[in-house]
1. Helix hunt in chain A: which complete DSSP H runs extend at least 27 Å axially by C-alpha with mean Kyte-Doolittle at least -1.0?
2. Output the Kirkwood hydrodynamic radius of the range A:197-258, Cα pairs only, in Å rounded to one decimal.
3. Once you have the Kirkwood Rh of the range A:14-120 from its Cα pairs, apply Stokes-Einstein at 25 °C and 0.890 mPa s and quote D in µm²/s.
4. Excluding ligands, DNA and RNA, what is the solvent-accessible area per residue of chain A at a probe of 1.4 Å, expressed in Å²?
5. Can you put B:Phe86, A:Phe126, A:Phe72 in order of accessible area, largest first, using a 1.4 Å probe?
6. Quick one, what does Rg over Rh come out to for the range A:1-61 if you take C-alpha atoms and the Kirkwood Rh?
7. Among A:Leu342, A:Leu141, A:Tyr63, flag the residue with its Cα farthest along the positive direction of the charge dipole of chain A, charges on Cβ as +1 for Lys/Arg and -1 for Asp/Glu.
8. Computed over the Cα atoms of the range A:220-333, what is the convex hull's projected area averaged over all directions, in nm²?
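The values are calculated or read from the model by the stated rules, or taken from the named source; none is laboratory data. None of the values given here were measured: they were computed from a predicted structure. Counting neighbours? That spans all protein chains shown, and the Cβs are built from the backbone with ideal geometry, glycine included. These area figures cover heavy atoms from the full protein model, side chains too; ligands, DNA and RNA do not enter into them. Shrake-Rupley method; radii C 1.70, N 1.55, O 1.52, S 1.80 Å.
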Amino acid sequence: MIPPEHLVVVPVVLPLAAGAAMLMLDERRVGLKAGIALAAALALVVAAAALAVRVDADGTQVYRLGDWAAPFGIVLVADRLSALLVLLAAVLGLASLSFALARWHRAGPRFHALHQFLLMGVSGAFLTGDLFNLFVFFEVLLAASYALALHGSGVVRVMTSLHYIAVNVAASLVFLVGIALVYAVTGTLNIADVALRVPAVAAADRALLEAGAALLGVAFLVKAGLWPLCFWLPGTYAAASAPAAALFAVLTKVGVYAVLRVSQTAFGDGAGASAGFGAAWVAAGGLATLAFGTVGMLASQDLPRIVSYGLVASSGTLLAAVGLRDEALTGAALYYLVASTLAASAMFLIAELMERGRAPGAQILAVTAEWLGDAEDNEAPERDVGVSIPGTLAVLGLAFASAALVLAGLPPLAGFLGKFLLLDALLGRAAPDAASWTMLGLLLASGLAAIVAFGRTGIRRFWAAQDEGVPRVRVVEFVPVALLLVACAVLTAEAGGAMRFLQDTARTLHAPGGYVERVLEVP
Amino acid sequence: MNEIVVAAGIGVLAASGVWLLLRPRTFQVVLGLSLTSYAVNLFIFATGRLRTGAAPIVPPSAGANPAAYADPLPQALVLTAIVIGFATTALLLVVLLAARGLTGTDHVDGREPDA
């Protein structure tokens, strides 16, 4: 159908075409739009899976846009890490879209087009091979996410979005300064070409280059939610509508990906005097973020906010692992990344289903952190049609427990394996230093905090006296939750195969020579 | 001399922008972001080195000396950055108006600080 060498560009072109086509359609043609969006989301999952299989078999794929060779032309590069994350984003996209089809997509205009553009930006950011296009795709995904965060409107959403947009626009400006400095020193923007030139940078220019790299890092870390750059995150994600928040779970991973990609490729062991630049800062920041997320989870009262702080904690875990620059640790962190993202996304959806049956007042009482005082924005769109599932609370409770187990890292699901692999990699380091022990302690503490926070919410909702009303949940709304949880279960059952893939990913990341050669076609 | 003027210009724009960005009124924040983005755009421009009277387009004649021409890449980058900056500022203005309408105040927190 599609020539296999063009598979790399499909995750960018497909959502772009689908989103653009839906912009042409009238808002009243709901059915047609839903059909196009669902078809595009399914096709994206298939294409991303095919890409991952191809990359795993044939190695890194380079796609020359306009057929100009790198570093002069613009290239898309799909290695295992990119392909894996594109697939993860596609699965989240499918889940959040099918959840939205039940009712949320009617809550505001242009939901489907924005949803597709967000997927396009995320895929592009994972696939691009040069820094400036990374910036452009960041802007594409941010612009779509600004609008999606506002989806459904309401005071809280508008105010948190205002903060979200202001912080991220400022971060984008920092990003641009970083790009400009790197270009000024190395004369190139292609990540592989930068990697080639970093060791040869004159000592006098090195400070300028490192300043540029540090600014890039700050821009990425704002997206990743590193403490103290993460204060916009919990409010925005908790206020966003459930399908939007479920998709936002992958946005922090774009920041983590960018840090991992640029630091390992351009500032890895082969970078001469700049080898490992900034790694200690990222590791320390990651540990602080993990601690902040842990405390935040305990301090929050409503479920979306707990999950948002859970995302902060998982970002912290990943960044700490990235900063420690250990191959086994990177592999384990990637496993944890996939498992925790799937579970956090599912939890955002479950949270909306759980809150649905409650009396409007109950929420205000439960929320002490709402600084605006009135929570009238949470009215979901009406029109509750379709079959609701029997034994709703039992099914919902089971789903909630599964997602909570993954997020807390308790057996038997993928979260436990992820944390176990991280702990194992930490203990297996050649010389476990203070950072390793701190991370080990914080990982265990954050698991405990997560189980306390989720347990408290679960008890209040599922075991309290049933005067709050049972939520009406339609089967179609439960399908995406089940999809995400089944994906977690598959990840657990197929952990051997997944870890083989992820360890190969980590190995290629820590030896970026192959990536650089493929991109620049060094004979 | 040229360099000092450009550097001072970027510095003044960035400083004013950051100061406005930290102000409590939403419109000041938008202006601050705009000023900072002007500073950043000029900065990107400057990374191609400051040249006067040099064309960015090299003619196809053989043996052209690249040192005689301005670097075209930062100019292309600035163009993209300007377009993206416009778009996000426009979006921010819409959200600003929505926030003003919904909360009745232009304070960034959505309410007046308790006096």
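1. Those that pass (Cα extent of 27 Å or more, hydropathy at least -1.0) are A:30-58, A:80-102, A:155-186, A:203-224, A:279-299, A:303-324, A:327-356, A:434-458.
2. Roughly 13.4 Å, rounded to one decimal.
3. It comes out at roughly 164 µm²/s.
4. Each residue of chain A exposes 34 Å² on average to a 1.4 Å probe.
5. A:Phe72, B:Phe86, A:Phe126
6. 1.10
7. A:Leu342
8. Taking the Cα atoms of the range A:220-333, their convex hull projects to 6.7 nm² on average.
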